[in-house]
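Scroll down for the structure; my scribbles are underneath it.
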Amino acid sequence: MLEIGAVSAALLGAAAYGTGDFIGSRAALRLSTFSAVAIAQTVAMVLMLQHFLTDGGAMPTGALFSSSVLAGLAYASGLMLLYHGFAHGRIGVVAPLCGLFSILVPLAGELLVGEGTTEWHLIGIALCCLAVVFIAGSTRDRNGRLGFSVRLGVLSGVGYGVADLCLGIMPAEAASGALLTTRSVAALTATGLLCWSLARRSAIRSAEAEGAGPPLAALLDVGRPRFALRLHHGVLLAVLAGIFDMLGHIGYVSAAVAGNMGVAAALVALFPAVSVVLAILFLNERISRSQAVGFACSIAGVFLLAE
């Protein structure tokens, strides 16, 4: 049985991940998805660099480095899709689907390379499929567009799953270096997309200004107290999201080292429940009976898949 300390660390990791994702989505509303992810992952990268220097590990090379870069691109994609889904869709749909597919993708990878599966795994897969049916069935986001939240939940989970699959081949001595590479690539990817978005927006507004449109400062609302306050709050929330992201990682690693890695992964995979609870408490989001049943099936399925 997993030690109490390891269970506590894993649950704290889940709480940190779920809280960080919720806070990050609020930052995305105040700034933009690219801005929120760029700031959060830059903070996470700095904290991971400190951990790497303290740990004294080695940087991955060759194929392992390529795998780390791919993990960073997949993680950045998953995080941006998750923030966007949380900000503009239904968290009660996006979060559990993300959690499900983040587990199913690495499992599918293990099956493809010939690793065996047990009867419990098959039952877990069946429960996860049932959860998708319950959660995704007849769901609409706040704007009434069918399937928006479902698509964002599935795609973000696939991004996380691909990242976990790429990092799963790392030897123990290169683990911290691989995670540093992953966070660095995620931060650079989001920053690059942010710069592209700002340049594109500036070009469009310059063209409008030439056509006797309003000046750029007016379009951006720069200098007004409301804009400054919104920017300040958004940056602060993004920084907090990055800190919680690293706390979640520390919780998972501590639980995996102190106990069973499979059970630790299953406990940390409960992070969507934290995001959903926060959405209910702070956003008054309602969860239907069908979604609640799907959520319960997803939790049971994840535990069975971790066996």
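The values are calculated or read from the model by the stated rules, or taken from the named source; none is laboratory data. This is a predicted model, so every value here is computed, not measured. FYI the Cβ positions are ideal-geometry reconstructions off the backbone, even for glycines, and counts take in every protein chain you see.
Residues of the stretch 74-116 that are among the charged types (D, E, K, R) and part of a helix (DSSP H, G or I): Glu110 alone.
With a requirement of 2 or more residues that are under 19 Å from Tyr160 (Cα atoms) and modelled with pLDDT of 90 or more, the helices (runs of 4 or more DSSP H) lying completely within the stretch 188-307 that satisfy it span 225-258, 271-283. For the stretch 54-68, filtering for residues that are in a helix (DSSP H, G or I) and buried (at least 17 other Cβ atoms within 10 Å of the Cβ) leaves 3.
Could you tell me whether the stretch 35-49 includes any residue that is over 16 Å from Gly192 (Cα atoms) and free of Cβ contacts under 8 Å to residues at least 24 places away in the same chain? Checking the stretch 35-49: at least one residue is over 16 Å from Gly192 (Cα atoms) and free of Cβ contacts under 8 Å to residues at least 24 places away in the same chain. In this structure, does Leu130 turn out to be modelled with pLDDT under 80, over 29 Å from Val235 (Cα atoms) and over 16 Å from the mean Cα position of the chain (by Cα)? So Leu130 fails the test.
Residues that are in a helix (DSSP H, G or I), more than 15 Å from the chain's Cα centre (by Cα) and in contact (Cβ under 8 Å) with a residue 60 or more places away in the chain: does the stretch 155-164 have at least one? Looking for residues that are in a helix (DSSP H, G or I), more than 15 Å from the chain's Cα centre (by Cα) and in contact (Cβ under 8 Å) with a residue 60 or more places away in the chain, one finds none in the stretch 155-164, hence no. Ser32 meets all of the listed conditions (1) over 12 Å from the mean Cα position of the chain (by Cα); (2) closer than 20 Å to Ala163 by Cα; (3) buried (at least 20 other Cβ atoms within 10 Å of the Cβ) but one, namely (2). Does Leu79 satisfy the condition of being on the phi < 0 side of the Ramachandran plot and surrounded by 24 or more Cβ atoms within 10 Å (Cβ to Cβ)? Yes: the conditions hold for Leu79. So which residues in the stretch 83-125 are over 22 Å from the mean Cα position of the chain (by Cα) and modelled with pLDDT of 85 or more, if there are any at all? Listed by number, the list holds a single entry, Ile123.
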